[in-house]
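The values are calculated or read from the model by the stated rules, or taken from the named source; none is laboratory data. Model, not experiment: these values are computed from the prediction. SASA here: full protein model, heavy atoms, side chains in, ligands and nucleic acids out. Shrake-Rupley method; radii C 1.70, N 1.55, O 1.52, S 1.80 Å.
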Amino acid sequence: MDKAVKKQNYSAPALEKGLDIIELLSDQETGLSQSEIARALGRSVSEIFRMLVVLMERGYVAQEPLSDRYVLTTFLFEISHRIPKIRRLTAFAGPLMRAMVNTVKQSSHLAILASDSVLVVGQVDSPGINNMTVRLGAKIDLWSTSSGRVILAHLPGEEVDDYFKSVPLPAEMNEDAVRKDLQKIREKGHEVRDSFVVRGIVNISAPVLDHSGRAVAALTVPHIEKYHDTITFEDCRLELIRTAAELTKSLGGGVYIPDS
């Protein structure tokens, strides 16, 4: 059966309009007005108004009182955490991350792959004054984050090939070079590298593995160098690797052995 015909037979216009609004607002830091949403989606203002009323009643969208702009709430994020796999992951990770952060005095976040991006599903601030944090629920470019690279490095080759085909590399990146980086990460078991987005930050990232050695998440510390710090960078690196291994163990994973 022709895909276009099949899609037409099973279309749900009202649902599609609602999903279009949610996807549009997901990329907007400050929200959009009703007319801006209608214009962006090529819909009438009355169509958009009816959908927004329903989405607000269900808690997916809220209207800012001062600007009347519409923004997504955290409800979708809350729903994602009801998924047993993520709920189990974050439940085990929380205490381990807090213990690690209290030891190394650096912030940490836990991330998974979500479609073509990296999604931050856990985040703990440093107990110190200075913090480098990544917002809980943030979606980050797959190729421009240590979390994404560490996860990809510990996935089956055919899955990695699919990501190279479906998710474009940034203009400054070369596929052969990225593949070599992934191989080095796989061999070493973790990554230490300068942040892709903040100068002076060094990412330490290690995978969280399942029983087969496949990465289900990545644990990362965006390390800040502080004057008179009694905890060395090496202390932090080893503590993060130990914590990721402990989380792996909690999820039923074992010691990961790279392919020969």
Q: Using only Cα atoms, tell me the angle between helix 84-104 and the longest principal axis of the chain; keep it within 0 to 90° and round to the nearest 10.
A: 50
Q: Write down the accessible area per residue of the chain in Å², having rolled a 1.4 Å probe over the full set of protein chains.
A: 57
(Q) Students sometimes get this wrong: rank LEU66, LEU72, LEU19 by accessible area, probe 1.4 Å, all chains present, largest first. (A) LEU66, LEU19, LEU72
Q) In square angstrom, rounded to the nearest 10, how much accessible surface does LYS188 have for a 1.4 Å probe? A) 130
Q | Restraint check, LYS17/LYS165; LYS85/LYS249; LYS226/LYS249; LYS139/LYS165, Cα-Cα greater than 27 Å | A | LYS17/LYS165; LYS226/LYS249
Q.
Relative contact order for the chain: what percent, with Cα pairs under 8 Å and sequence separation of 6 or more?
A. 15
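Quantify, in whole percent, the carbon and sulfur part of the accessible surface of the chain (1.4 Å probe; protein heavy atoms only).
54
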Q: For the range 42-59 and the range 109-161, compute the distance between their C-alpha centroids and round to whole Å.
A: 32
Q) What is the Å³ per residue value for the convex hull set by the Cα atoms of the range 113-179? A) 109
(Q) At 10 °C and a viscosity of 1.306 mPa s, what translational diffusion coefficient does Stokes-Einstein give for the chain, taking Rh as the Kirkwood radius over Cα pairs? Give it in µm²/s as a whole number. (A) 78
